1. When a/c reaches 1.5 or more, the comparison of a/b and b/c decides; with that in mind, is the stretch 188-248 rounded, prolate or oblate per its Cα gyration tensor?
2. Magnitude of the Cβ-charge dipole of the chain, K/R +1 and D/E -1, about the Cα centre, nearest 20 debye?
3. Identify which of ALA156, ALA28, ALA187 has the largest mean-square fluctuation in a Gaussian network model of the chain, with springs joining Cα atoms closer than 10 Å.
4. Return a whole-number percent for the relative contact order of the chain, with Cα pairs under 8 Å and 6 or more residues apart as the contact set.
5. Based on the mean of other Cβ atoms within 10 Å per residue, sort peptides 94-102, 178-186 so the most packed one is first.
6. Assuming a ≥ b ≥ c are the square roots of the Cα gyration tensor eigenvalues, decide whether the chain counts as rounded (a/c under 1.5), prolate (otherwise, with a/b larger than b/c) or oblate.
7. Considering only C-alpha atoms, what is the centroid distance from the stretch 84-105 to the stretch 112-143, in Å?
8. If I take every Cα pair under 8 Å that is 6 or more residues apart in the stretch 18-98, average their sequence separation and divide by the length, what percent do I get for the relative contact order?
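Every number in this text was worked out from the coordinates using simple rules, so none of it is lab data. Every value quoted in this text rests on a predicted model; they were computed, and no experiment measured them. Here Cβ is always computed from backbone atoms with ideal geometry, including for glycine, and neighbour counts include all displayed protein chains.
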Amino acid sequence: MDLGIAGRRAAIAGASAGLGFETAAALAAEGVKVAICSRDRERIERAAAKIGPDAVPLVADLSNAEGGSAFVREAREALGGLDILVPNAGGPPPGTFASTGLDAYREACELNLHATIAMCREAVPTLQEQGWGRVVAITSLGVRQPIGTLIASVTARAGVTGFLKVLAREVAGDGVTVNSLQPGLHATDRVEKLSGGNPNALAATVPAGFLGSAADFGHIAAFVCSEHARFLTGCGIHVDGGAYTALL
């Protein structure tokens, strides 16, 4: 199926590996020019080489709002404009209420909330002016079904989910859709670390019976960015192999 986005320009944050990388690869496969970032120049240049000639590698630190804004500005300049924004960042360290101090919440909010808000503030006015745009943030299933051992991540990502919902309503009439994808367990380096090196044990908790593929996630993200998804906005879409248990 032609997604109708060939020639569009996308900025995908945190895309040297995992879900961000596969989202960028899926968009590039649809003819989208992509700017991708990481803190590590060597890793992001290697990732861009894998994607192909339409991928521009950028170095950015998304641990604060200023880094998020700078990434979008550099991406827009490198691509000659911007149509699609995919906010994404690594997750904060695991921790419970008892083990997580206030500084950890501040750092999590800078990484997973403030940087996303800053990216949107830098990108969305341009999308509104041109009358077409997509914002697809990668968050976590934890905002829908909280994960007790990731309290800082859940707190920060729940905040960004609320922000995106309000933003979606404000800009819907301008041809800009705003959604978030809430991944469950996928075969990524982060899940490998959280599993203590035993991802198969986590796979047994997924009704589908296996960990999600990062590439499959990327294809879903690309569809949400597509022309076909123009009436889909304000949604938090869980991508989890059936792990979410509630009705709503």
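1. Prolate is the answer for the stretch 188-248, as a/c is 1.5 or above and a/b outweighs b/c.
2. So the magnitude is around 240 debye.
3. Comparing ALA156, ALA28, ALA187 in a Gaussian network model of the chain, the most mobile one is ALA187.
4. Across the chain, relative contact order equals 20 percent.
5. Details: 94-102: 11.8, 178-186: 23.2.
Descending mean neighbour count gives 178-186, 94-102.
6. rounded
7. 19 Å
8. Values: 79 pairs, mean separation 19.0, N = 81.
Once divided by the residue count of the stretch 18-98, the mean separation gives 23 percent.
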